[in-house]
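*Asks:* Please read through the structure below; I'll follow up with questions.
The values are calculated or read from the model by the stated rules, or taken from the named source; none is laboratory data. Since this is a predicted model, take the numbers as computed values, not measurements. Cβ sites come from the backbone with ideal geometry, for glycine too, and all protein chains shown count toward neighbours. Each accessible area value is taken on the protein alone, full model and side chains, heavy atoms only, with ligands, DNA and RNA left out. Shrake-Rupley method; radii C 1.70, N 1.55, O 1.52, S 1.80 Å.
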Amino acid sequence: MTGRTVLRTAVLGGALAAARWARRDVRAWRALGPGGLPPTWWGWLRMSALRVLATLPAPTAGTAAADDPTPTVEALPGRATPRPRVAPYPVPHRVLDQRAPAALVAALERELEDLAGRHGLQMATSRWERHHVALWSDTDDEIAHVHPVDGSCHVVLAPADHAVVLARGWGVVHPLAGRGGLPRTYTLLFPPRDPTEAENVVAVLRAAAVEPGG
């Protein structure tokens, strides 16, 4: 076998392995449900570019917690371990396990609707997800939305509340936070596993509705 033949064989083998990996990755990505990109190969390629961007150092300016946390957020207990596994995709940003029961997902969705009514806010299609309704402020900023597929939420928090939520294990910052228009405190709240955890998630959502995000 000549050197050229060996090279062609290696290149072909590498290309086939890459194609098999890409097919598996596309299936896993689509299994997360609808998000901000179309569930097509083109959508996956765009997501892949964002995944590379998410590996770069995250912006930190503007995330300092200058004010005190909202009292209800400051009172949050630590979330019981283990934490859910977060999928390795920035869009859609979802968990892989510990999905919330359907009744708790519906309760979180009702909570956002109630918040809109109580605080003069509005419900409209999410700017980021595009498939779900979200709670919006009166200054045309998106505050929060629930992901029906797993019961996790994305929420924009005041910096001090953001710090508490991360420290107590209730969520993680979005991998693209601070980039492309996403607020620096754009946070994924983990799905509640039971009514008690749902109450704590609701406390965070209520704080977000009355405190400016970062």
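*Asks:* Which percent of the accessible heavy-atom area of the chain goes to carbon and sulfur, probe 1.4 angstrom? Walk me through the numbers before you get to the answer.
*Replies:* Details: 6530 of 10860 Å².
It is 60 percent, rounded to a whole number.
*Asks:* Mind putting a number on the dipole of region 27-181 about its Cα centre? Charges go on the C-beta only, +1 for Lys and Arg and -1 for Asp and Glu, and I need it in Debye to the nearest 20. Working shown, then result.
*Replies:* Values: 15 positive and 15 negative charges, 199 e Å.
Value, rounded to 20: 960 debye.
*Asks:* Let me ask another. Taking only complete DSSP H runs, can you tell me which helices of the chain stretch 30 Å or more along their own long axis by Cα positions and average at least 0.0 on the Kyte-Doolittle scale? Write down the numbers at each step before the final one.
*Replies:* On the way: long enough: 3-30 (40 Å, -0.10).
Counting only whole DSSP H runs, no helix qualifies.
*Asks:* So, R0 is 25 Å and r is the distance between the beta-carbons of residue 119 and residue 199; what FRET efficiency does that work out to, to 0.05?
*Replies:* Numbers: r = 19 Å, r/R0 = 0.76.
Computed FRET efficiency for residue 119 and residue 199 comes out at 0.85.
*Asks:* Something else now. Rolling a 1.4 angstrom probe over the protein heavy atoms, how many square angstrom per residue are accessible across region 140-214? Present the calculation step by step, with values, prior to reporting the outcome.
*Replies:* On the way: 2280 Å² over 75 residues.
Result: 30 Å² of accessible area for each residue.
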